[in-house]
1. Straight-line reach from B:Lys163: which aspartates and glutamates have a Cα under 12 Å away, not including same-chain ones fewer than 8 places off?
2. Mind listing the long-range amide H neighbours of B:Leu158? Cut-off is under 5 Å, sequence gap 5 or more, other chains count too, H placed in the peptide plane at 1.01 Å from N.
3. Show me, for the range B:42-54, the HN-Hα J-couplings you get by feeding each phi into the Karplus relation (A = 6.51, B = -1.76, C = 1.60, θ = phi - 60°), rounded to Hz, glycine and proline as x.
4. Based solely on its DSSP helices, what 222 nm [θ] is calculated for chain A when runs of n ≥ 4 H residues each add -39,500 (n - 2.57) and the sum is averaged over all residues, nearest 500 deg cm²/dmol?
5. If the reach is capped at under 23 angstrom between alpha carbons, list the lysines near B:Lys108, excluding any in the same chain fewer than eight residues apart.
6. Could you work out the relative contact order of the range B:1-71? I mean the mean sequence separation of Cα pairs under 8 Å and 6+ apart, divided by the number of residues, in percent.
7. How would you classify chain A from its alpha-carbon gyration tensor, with a ≥ b ≥ c the square roots of the eigenvalues: rounded for a/c under 1.5, else prolate if a/b is greater than b/c, otherwise oblate?
Amino acid sequence: MAKPIKETPVLKGKDAKVFLNNIKENKLVVHSKEEISKIKENFSKLSAIAQF
Amino acid sequence: MNFEGKKLIRLELSQTLKPFDCDDSDLNSFFFDDCINYQKKLLAVTYIIEGDDSTVAFFSIFNDKISYKDVAKNPDASLWAKIKNTMPTGKQLGSYPAMKIGRLAVDKNHKGQQIGTIIIDYLKNLFITNNRTGCKFITVDAYSDSLGFYEKNGFVYLTEKDKERDTRAMYYDLSLLSQSN
């Protein structure tokens, strides 16, 4: 049996502060057009062969 | 990577798994011994990319959340107050919904073809375009030798406390993608 998948930890104290601050800062970040089109292209590759 | 002749399927409980070897005995063991049990117990769903004779890659995903607490007890209360003000009303404590990549692995014969990144991009786009229940983050329980891969794909660490462990908790903020569209 493989090692079990660990649960995502509950964030406390400094970890929680850093996490919430990162979310706040992420609101100001946008991906480049190239990154967006790469993600969409890769999505299409797998969508095209998906059988569900 | 050319996916001609390959298919992406959702694991069925009665399915016969095709040969797979990602050069990691633990991940191989998860694929052959555990993923069906996770699915039987409704804990995770595994998706498989396969060709006629072999498995190319698999990934197992399940519902997750990122929870936080005790932030207000922190001495830096002013920062907490500022952060709280940026959140929508009614979402000032507790948790955010997430989707977790429990395990993801690529067969050794298909490494170096960006298949891992294609899977990650597929999941990112899937959960912002076809997000049926609400999901703000992708989380992952990442093996130590795959940390660079997840970093390259925009994931960041949830905590420094698991720095010395064999796997680390990381997340990707789907807002980064949804607000860029």
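1. Partners found: none.
2. Distant-sequence amide H within range of B:Leu158: B:Ala169, B:Met170, B:Tyr171.
3. 6, 8, 8, 10, 10, 10, 10, 9, 9, x, 5, 10, 8
4. So the calculated ellipticity at 222 nm is -19500 deg cm²/dmol.
5. Here the lysines satisfying the reach criterion relative to B:Lys108 are A:Lys3, A:Lys45, B:Lys6, B:Lys7, B:Lys18, B:Lys152.
6. Relative contact order of the range B:1-71: 35 percent.
7. Taking the square roots of the gyration eigenvalues as a ≥ b ≥ c, chain A is oblate.
Bear in mind that the values in this text are calculations on the coordinates, not laboratory data. If you're wondering where the values come from, they're calculated on a predicted model, not measured in any experiment.
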